[in-house]
Amino acid sequence: MQVELITKQDFENFKRELLEALATFTDKKEPSKEWLRSKEVRQILKISNGTLMNLRVKGILNPTKIEGVFYYKLSEIEAVLNAGTEL
C-alpha cells in the first residue's frame with residue numbers, strides 16, 4: 001500500500017480548481033424565468049391545455065393575462081407542487 005501525503009498547498013489548488021469548474025458550470029446554466037407562458041407551464045407539468053384551463057378556472061393557478069396571453073408566476077407553480085396535496 002502506497003501512502004501519499006496531501007499538503008495544504010495541494011488542498012488550496014484543488015479548492016481553486018473546483019471553484020473555477022463550478023463557476024463555469026453555473027455560467028452556462030440558463031437563468032430561470034420569473035414568468036412563464038401557458039406552453040411552458042404545460043411542458044413543465046406535463047398536462048394538456050384543458051387541464052391547465054381547469055387549474056385556472058378552479059383558482060389553483062392565477063395567471064396574469066396580457067393581450068390575450070396568460071403568464072404564470074413560476075413561484076406560484078412551485079408552491080402548488082410543494083403543497084403536496086392532490087387536486
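A few points about this structure:
- Enumeration of residues in the range 36-87 that are of a type outside the set (A, V, I, L, M), surrounded by 10 or more Cβ atoms within 10 Å (Cβ to Cβ) and in a loop (DSSP other than H, G, I, E, B): Ser48, Asn62, Pro63
- Arg16 being touching a helix residue (DSSP H, G or I) at 6+ places or on another chain (Cβ under 9 Å) and either surrounded by fewer than 10 Cβ atoms within 10 Å (Cβ to Cβ) or assigned to a helix (DSSP H, G or I) (or both): no
The numbers here are math on the coordinates, done by the rules we state, and not lab data. These numbers were taken from a predicted model, which means no experiment stands behind them. Neighbour counts are summed over all protein chains in view; Cβ atoms, including those assigned to glycine, are modelled from backbone coordinates with ideal geometry.
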